[in-house]
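Just below is one structure, and these are the notes that go with it.
The values are calculated or read from the model by the stated rules, or taken from the named source; none is laboratory data. Bear in mind that the values here come from a model prediction, so they are computed numbers and not experimental data. Note that each Cβ is placed from the backbone with ideal geometry, even for glycine, and that neighbours are counted across all protein chains shown. Accessible surface areas use protein heavy atoms only, side chains included; no ligands, DNA or RNA. Shrake-Rupley method; radii C 1.70, N 1.55, O 1.52, S 1.80 Å.
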Amino acid sequence: MQREGSQGMSATERDGAMDLQGALRDYRQRWPLEETCTALFLELLDEGATAFRRERLAGHFTGGAWLVSADGARVLMTHHRKLERWLQLGGHADGDTDMAGVALKEAREESGLPGLAVEGDSIFDLDRHWIPERKGVPGHWHYDVRYVVRAGADEAYVVSDESHDLAWRPIAAMADDPDESLSRMAK
């Protein structure tokens with residue numbers, strides 16, 4: 001990270017940002033065809049603490065959870081209340097630089113499932129997507145850093161106020177989803 005990017009961050013936040021920088025570089029090595037996307041994430045990271053706050057209206061980091069069943073055959077999807085679409089779980093970093101931790105926290109909050117765990121140390125997927133204007137908040141970019149989160153034996157979810165509904169979907173069937181982001185993760 002550039003020196004000016006770390007200003008305004010606590011030592012814990014700087015450590016998290018440095019971890020994210022390393023994870024993004026690792027992702028770039030594993031998925032060289034996604035170089036352009038990864039470069040956008042690294043560029044945002046250079047902005048420091050503001051990149052992790054929703055108040056940065058040009059765009060900010062979010063943590064996504066590809067929440068898979070214990071057997072790995074299904075994924076828990078949310079019918080998102082604000083966006084009116086079926087999506088993976090996730091949400092805003094709100095200043096937290098530990099993106100795997102953000103993904104896990106959001107998965108717990110949005111599913112109500114106990115016994116969830118982030119699987120592995122690597123970023124699973126990156127997706128930069130546009131969020132339209134809503135209730136006076138201008139349209140902006142979400143830089144979604146996604147991790148695989150594994151469910152335990154209890155799959156009885158609880159629908160939060162952020163969702164119209166939740167549903168377990170077969171991952172194999174989602175490989176043909178018209179949403180390129182979802183089909184990419186399913187594949």
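Here the chain has an Rg and Dmax of 16.0, 46 Å, counting Cα atoms alone.
Model label points for A70 and D46, set 7 angstrom from Cα along the Cα-to-Cβ axis, are 4.7 nm apart. Where the alpha-carbon atoms of region 122-162 are placed on the principal axes, they occupy 41, 29, 8 Å, in descending order. Here the label points at S183 and D161, each 7 Å from Cα along the C-beta direction, are separated by 3.7 nm in the simple model. Under a Gaussian network description of the chain, with springs only between Cα atoms under 10 Å, the residue in L67, L104, L166 that fluctuates furthest is L166. Note the full-extension length gain between A11 and R25 as 0.36 nm times their separation in residues minus their Cα-Cα distance, in nm to one decimal. Answer, rounded to one decimal: 2.9 nm. To put it simply, the accessible area of region 112-179 at a 1.4 Å probe is 54 percent carbon and sulfur. Based on the reciprocal of the average 1/r between different C-alpha atoms, the Kirkwood radius for region 61-112 equals 11.4 Å.
Counting only DSSP beta bridges with both residues in the chain, tell me the antiparallel percent, nearest 5. Antiparallel: roughly 70 percent of the beta bridges in the chain.
Average accessible surface for the chain: 50 Å² per residue, computed with a 1.4 Å probe over protein heavy atoms with every protein chain in place. Each Lys and Arg adds +1 at its Cβ and each Asp and Glu adds -1 at its Cβ; summed about the Cα centre, the chain shows a dipole of about 180 debye.
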